[in-house]
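Inspection log for the structure reproduced underneath, given as structure tokens.
The values are calculated or read from the model by the stated rules, or taken from the named source; none is laboratory data. Here the structure is a predicted model, which means the values were calculated and not measured. Glycine also receives a Cβ, built like all others from the backbone with ideal geometry; neighbour counts cover every protein chain displayed.
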Amino acid sequence: MQGSSIPLDFPERDQIIYKSDNLVALHCKSSEVPSRQLVIAFHALQLTHNLELPRRGQSRETLRAAGLDSIQIVPRGNHWYQYADIEAMMAEVRLVAEEYIETIAYGQSMGAYAAIHTSALLRPTKILAICPQFSIDPRKISFDSGFARLAASISFIRDDIKKNACQDTEIVIAYDQLLPHDYRHYLEYERHLKNVYRLRMPFCGHGVSEALKEAGMIPGQLIKLITDGKDQINSTRQIFRRHRLRIPKYQDALRLSLTKWYMKHKKLDKASDQAFKLYESNRRFSSLQLYCEVAEKLGTPERAAARWFFAISIYPKTPPSLSYVRAVKYSRLAGDISIAKTTCLKALTIYPKDFGLMREHLDILIQTSDFLGAKKIATELQDTHGSKAADVIQNRKTILFNKN
């Protein structure tokens, strides 16, 4: 679309009502006849490698197909809408909103944050906020360090919930209460705002929208949540319960939770079963690692070593160095020095400078009384990894340097 410095992919019929270097707002009509409700939709975070790709807005065509007019708010980047011209843009948005009977705000993640933090300017009757952050300013959210690097580049000029949020607006926040960070963000909103209604979506993670889509609830139930607000909370949960077991992401999160619960209660076989089912579902090494760590925590060194060798044998790609480090470590602890040494030397041909493998090699040489070889490896470890190796060498200094 012409006329904006922010890359856009919108039909020509959609009208730009505000544009700057930071923000663009587009009025997207569903038909020639205005809808009763107008949805102000805020764009979510754009992955860094996609920042130059044209933006399509938030649920633009889903809203249009449902007969809902929308204003799509698209920011320049991932700055959590910390732009000085927000007020100027919202003034233009309000001029259009006055033509409608009801105004609703909607967003996901960063977009959900913006929907809430512009509500004092817009004064919508309802907001649907899916997995919003309360803030990403580390001074306000010490419990969530995941945004620290991004936050370092942002000047938080409009991050005051008391000034930014409308206390009279009905706000439905959908989130996974089992995801600690999202739960804490929700609690902050609940603490500061009086009309917050929770839609708890356990085992959905930060991808609540994706879970709704996999459950076949988008567009239908999403539209109802946007237009009807809190009245749709119970029906949303009931419909989701009927479909949740067919959602891979839900199943995986449930298996992960069960694995941790069984580990906590020292039920090795059941924890192992759930962890391996998780790996069979997502084929991620992290799930295979969890399967092995069950044996580390609840089994014997022999069993832990066997798990890691099994993991190495079935993983379809080159296993991460961690798998070899753990296989070597638990073989050594189990007394299988020959297997530990053979495995370590083989792994070092794949990862010749790996810190963990070099450390295990050092311990094998010490354990087999090859102190000359151990001193050589200690020197190589120091030369390769510098200060990182200092503690390892210091902890073994007495053995290394008191032997001939």
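Only one entry in A334, A390, A327 is free of Cβ contacts under 8 Å to residues at least 24 places away in the same chain and within 22 Å of F276 (Cβ to Cβ), namely A327. With respect to being modelled with pLDDT under 95 and not assigned by the TED database to the domain that holds W80, D144 falls outside the description.
If you go through the range 273-292 one residue at a time, do you hit one that is closer than 30 Å to L400 by Cβ and in contact (Cβ under 8 Å) with a residue 24 or more places away in the chain?
Filtering the range 273-292 down to residues closer than 30 Å to L400 by Cβ leaves none.
Checked against the condition, which is being closer than 30 Å to L400 by Cβ and in contact (Cβ under 8 Å) with a residue 24 or more places away in the chain, the range 273-292 yields no hits at all.
Is it true that A215 is touching a His at 6+ places or on another chain (Cβ under 6 Å), within 25 Å of Y197 (Cβ to Cβ) and not polar (S, T, N, Q)? Against the criterion (touching a His at 6+ places or on another chain (Cβ under 6 Å), within 25 Å of Y197 (Cβ to Cβ) and not polar (S, T, N, Q)), A215 qualifies. Residues of the range 91-108 include none that is buried (at least 18 other Cβ atoms within 10 Å of the Cβ) and either out of contact with any strand residue (DSSP E or B) (no Cβ under 7 Å at 6 or more places or on another chain) or not assigned by the TED database to the domain that holds L23 (or both). Do the conditions hold for N164, that is, is it over 23 Å from the mean Cα position of the chain (by Cα) and more than 22 Å from D137 (Cβ to Cβ)? So N164 fails the test.
Tell me which of these K249 doesn't satisfy, since it passes every other one: (1) within 27 Å of G207 (Cα to Cα); (2) buried (at least 21 other Cβ atoms within 10 Å of the Cβ). If we test K249 against (1) within 27 Å of G207 (Cα to Cα); (2) buried (at least 21 other Cβ atoms within 10 Å of the Cβ), just (2) comes out false. Among the residues of the range 4-34, those that are under 32 Å from the mean Cα position of the chain (by Cα), in contact (Cβ under 8 Å) with a residue 60 or more places away in the chain and under 20 Å from A114 (Cα atoms) comprise I6, L8, Y18, S20, N22, L23, A25, H27. Exactly one residue among E52, E61 is farther than 20 Å from I226 by Cβ and either out of contact with any helix residue (DSSP H, G or I) (no Cβ under 9 Å at 6 or more places or on another chain) or not assigned by the TED database to the domain that holds I173 (or both), and that residue is E52.
For S30, state whether it is surrounded by 18 or more Cβ atoms within 10 Å (Cβ to Cβ) and touching a strand residue (DSSP E or B) at 6+ places or on another chain (Cβ under 7 Å). Show your work before the answer.
Values: surrounded by 18 or more Cβ atoms within 10 Å (Cβ to Cβ): no; touching a strand residue (DSSP E or B) at 6+ places or on another chain (Cβ under 7 Å): yes.
When the stated conditions are applied, S30 does not pass them.
Cβ-Cβ distances below 6 Å connect the following pairs, each with a first residue in the range 140-164 that is closer than 24 Å to K194 by Cβ, a second residue that is hydroxyl-bearing (S, T, Y) and surrounded by 17 or more Cβ atoms within 10 Å (Cβ to Cβ), and a separation of six or more residues or different chains: I141/S135; D159/S135. For S135, indicate whether it is buried (at least 17 other Cβ atoms within 10 Å of the Cβ) and farther than 21 Å from I226 by Cβ. Spelling it out, S135 is indeed buried (at least 17 other Cβ atoms within 10 Å of the Cβ) and farther than 21 Å from I226 by Cβ.
F371 passes every criterion in (1) surrounded by 16 or more Cβ atoms within 10 Å (Cβ to Cβ); (2) under 30 Å from S272 (Cα atoms); (3) of a type outside the set (S, T, N, Q) apart from (2).
Looking only at residues in the range 258-293 that are closer than 14 Å to Y315 by Cβ and among the hydrophobic types (A, V, I, L, M, F, W, C), the one that is surrounded by the fewest Cβ atoms within 10 Å (Cβ to Cβ) is F285. With respect to the conditions (1) assigned by the TED database to the domain that holds L128; (2) over 27 Å from S35 (Cβ atoms); (3) surrounded by 18 or more Cβ atoms within 10 Å (Cβ to Cβ), Q232 lacks only one, and its number is (2).
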